[in-house]
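The structure under discussion appears below in the form of structure tokens.
No lab work stands behind these numbers, since they all come straight from the coordinates. Just so it is clear, the model here is predicted, and its values are computed rather than measured. All Cβ positions, even for glycine, are placed from backbone atoms using ideal geometry, and neighbour counts span all protein chains on display.
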Amino acid sequence: MTLMGVCAEVRRVRASELLDYTNYTGDYETEMGIGREPEFRAVLEHPDVLVFAWGATVPMIAHAAGIMLDEITTTWDKWVTPTERTTAKGVIAPRRVAAVRFTINGVYQGQTRIQLEHVNRIGHDAAPDWPSGNQDDVYRVEIEGTPSIVQETAFRFTDGSGRDAATAGCLATGMRALNAVPAVNALSPGWVTALDLPLIAGSGTIR
């Protein structure tokens, strides 16, 4: 949303998570269907559940831009591996799902103008036709407008711990909320979104 503020015109916004889950030990079998047979319908494959889990970001961006969406739609795609793949959680057999791609789409005046996209794969070579980052494991923001902007953010551990990018992204997600606590406490009771908060600079993190 900050990047939208430097544009004279915004025609389309897409925010993408592009991650390799090979070393990820969180839940994804039932939730996303990774490692399951392609006929299995994952929890997040249900549009209402998907929108409930991640969809709030889309109307929040629309609100920031001053528009009211016509509707919110979703897509869900699966990629089935032809070969066995080894993960931190075990082995995914051939003919099982080894990558998923889903989107939550904000439709305005008949066109998708705001999109939240996830591409989660087991191995960087999985689903080769789907989007990838210029670096492995990134979060990408693409704004088509005047000017158009592309930004990729890579979360990494450089402390020698060997923890992977997906784990770093999870930590960053939690720290965004934790570092916002003083600003949230300063507001009146009620619902709070990123639009209600000041710049969260991470006071006290340099020590």
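For ILE122, neighbours were defined as the other residues whose beta-carbon sits under 11 Å from its Cβ, and their charges (Lys and Arg +1, Asp and Glu -1) total +1. With the convex hull of its Cα atoms as the shape, segment 2-154 has an orientation-averaged projected area of 9.3 nm².
Going by the alpha-carbon gyration tensor, a ≥ b ≥ c the square roots of its eigenvalues, is segment 47-87 rounded (a/c under 1.5) or, if a/c is not under 1.5, prolate (a/b greater than b/c) versus oblate? Because a/c hits 1.5 or more and a/b exceeds b/c, segment 47-87 counts as prolate. Residues in segment 72-84 carry Karplus couplings, in order, of 10, 10, 9, 10, 8, 10, 10, 10, 9, 7, x, 10, 5 Hz; the curve used is 6.51 cos²θ - 1.76 cosθ + 1.60 with θ = phi - 60°, and Gly or Pro positions show x. Measure out, as a whole number of angstrom, how far apart the alpha-carbon centroids of segment 85-130 and segment 30-63 sit. Cα centroid of segment 85-130 versus Cα centroid of segment 30-63: 11 Å apart.
A crude spin-label estimate for the pair GLU29 and ALA183, with each label 7 Å from Cα along the Cβ direction, gives 3.9 nm.
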